[in-house]
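Okay, structure first, notes after.
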Amino acid sequence: MTGNTSTIGRPRAFDVDKALQKALEVFWEKGYEGTSLPDLTEAMGINKPSLYAAFGNKEQLFLKAIELYENRPCGFFQPALLQPTAYLMAEQMLFGGAAASSDPSLPKGCLMVQGALSCSDNANSVKQVLIEKRRSGELQLQQRLERAKAEGEFAADVDCAALACFLGVQLHGMSIQATTGASSDKLQKVAAIALEAFVAATSGKAAVPESAS
């Protein structure tokens with residue numbers, strides 16, 4: 001009797017939060033499809049039945065890891081949106097992206113960018129989730145820029161949708177550059193150039209080819 005009751009309500013023998021953090025690190029380093037179940041169980045310190053019981057299948061675990069990735073304390077995107085001016089927002093976002101992409105204590109690049117680029121048709125559902133998250137981020141950027149324009153921070157003819165896309169391209173590009181070895185110093189210089197372009201665009205002084213106008 002004692003032997004039976006001792007197993008009732010027994011807590012998991014591992015820390016779920018720490019295990020999820022380990023899974024995030026593996027996915028970040030190897031990508032979704034490059035990560036195998038043995039990779040995950042070894043890093044998390046659990047067996048497959050425990051993984052399935054706590055997190056579901058590999059795809060469900062990846063989506064939980066993405067949620068953790070988005071809400072980590074060192075994330076820069078959401079704090080940047082809260083800056084009082086569009087310039088400060090762009091500054092924090094660009095330099096924050098450069099620093100995060102090249103942080104020596106973390107895997108290089110951005111998990112969501114790399115995951116969407118490397119997913120094959122076999123992982124299309126994961127790819128679509130990542131694409132939608134990136135679109136959502138760009139829409140949040142556009143809405144923040146439109147608010148700045150309405151408050152008089154920008155020239156009247158500024159295209160906020162294009163400007164949001166521009167910032168997204170810079171962040172994604174720096175992430176990709178970091179995975180191929182770009183240094184922090186180089187990415188900081190890229191961020192500075194991008195910020196100058198942002199200022200020119202929002203003042204209405206950016207050069208636009210006649211064919212694009």
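The values are calculated or read from the model by the stated rules, or taken from the named source; none is laboratory data. Predicted model only: the values in this text are computed from it and were never measured. Neighbour counts run over all protein chains shown; Cβ positions are idealised from the backbone, glycine included. To get the accessible areas, we keep the full protein, side chains included, count just its heavy atoms, and leave off ligands, DNA and RNA. Shrake-Rupley method; radii C 1.70, N 1.55, O 1.52, S 1.80 Å.
Would you check if A43 is among the aliphatic types (A, V, I, L, M) and touching a residue at least 40 places away in the same chain (Cβ under 8 Å)?
No: the conditions fail for A43.
Do we find that F95 is assigned to a helix (DSSP H, G or I), open to solvent by less than 10 Å² (accessible area, probe 1.4 Å) and either out of contact with any Lys or Arg (no Cβ under 9 Å at 6 or more places or on another chain) or under 25 Å from L195 (Cβ atoms) (or both) in this structure? For F95, the condition - assigned to a helix (DSSP H, G or I), open to solvent by less than 10 Å² (accessible area, probe 1.4 Å) and either out of contact with any Lys or Arg (no Cβ under 9 Å at 6 or more places or on another chain) or under 25 Å from L195 (Cβ atoms) (or both) - is not met. Considering the range 160-170, the residues that are of a type in the set (A, V, I, L, M, F, W, C) and open to solvent by less than 30 Å² (accessible area, probe 1.4 Å) include one that is farthest from the chain's Cα centre (by Cα), namely C160. Among the conditions (1) modelled with pLDDT of 90 or more; (2) of a type outside the set (D, E); (3) over 20 Å from P107 (Cα atoms), Q177 misses just one, which is (3). Testing T85 on (1) touching a Phe, Trp or Tyr at 6+ places or on another chain (Cβ under 9 Å); (2) open to solvent by 20 Å² or more (accessible area, probe 1.4 Å); (3) modelled with pLDDT of 95 or more, one condition comes back false. Which one is that? With respect to (1) touching a Phe, Trp or Tyr at 6+ places or on another chain (Cβ under 9 Å); (2) open to solvent by 20 Å² or more (accessible area, probe 1.4 Å); (3) modelled with pLDDT of 95 or more, T85 is out only on (1).
Would you call K189 part of a helix (DSSP H, G or I) and under 30 Å from S36 (Cβ atoms)? Against the criterion (part of a helix (DSSP H, G or I) and under 30 Å from S36 (Cβ atoms)), K189 does not qualify.
May I ask you to verify whether A123 is surrounded by 15 or more Cβ atoms within 10 Å (Cβ to Cβ), at pLDDT below 85, over 16 Å from the mean Cα position of the chain (by Cα) and part of a helix (DSSP H, G or I)?
Working: surrounded by 15 or more Cβ atoms within 10 Å (Cβ to Cβ): yes; at pLDDT below 85: yes; over 16 Å from the mean Cα position of the chain (by Cα): yes; part of a helix (DSSP H, G or I): yes.
For A123, the condition - surrounded by 15 or more Cβ atoms within 10 Å (Cβ to Cβ), at pLDDT below 85, over 16 Å from the mean Cα position of the chain (by Cα) and part of a helix (DSSP H, G or I) - is met.
Based on what the data block shows, is A80 modelled with pLDDT under 90 and either part of a helix (DSSP H, G or I) or open to solvent by 60 Å² or more (accessible area, probe 1.4 Å) (or both)?
So A80 does not fit the description; no.
Among the residues of the range 47-72, those that are modelled with pLDDT of 90 or more and of a type in the set (S, T, Y) comprise S50, Y52. In the range 126-159, of all residues being open to solvent by less than 70 Å² (accessible area, probe 1.4 Å), aliphatic (A, V, I, L, M) and not in a helix (DSSP H, G or I), the one that is modelled with the lowest pLDDT corresponds to A155.
Is there a residue in the range 171-180 that is open to solvent by 10 Å² or more (accessible area, probe 1.4 Å), β-branched (V, I, T) and not in a loop (DSSP other than H, G, I, E, B)? Yes: one or more hits. Would you pick out the residues in the range 1-46 that are more than 28 Å from the chain's Cα centre (by Cα) and either at pLDDT 95 or above or surrounded by 11 or more Cβ atoms within 10 Å (Cβ to Cβ) (or both)? Correct list: R12 only.
When the range 46-91 is filtered for residues that are charged (D, E, K, R), under 22 Å from H172 (Cβ atoms) and without any contact (Cβ under 8 Å) to a residue 60 or more places away in the chain, the ones remaining, listed by number, are E67, R72.
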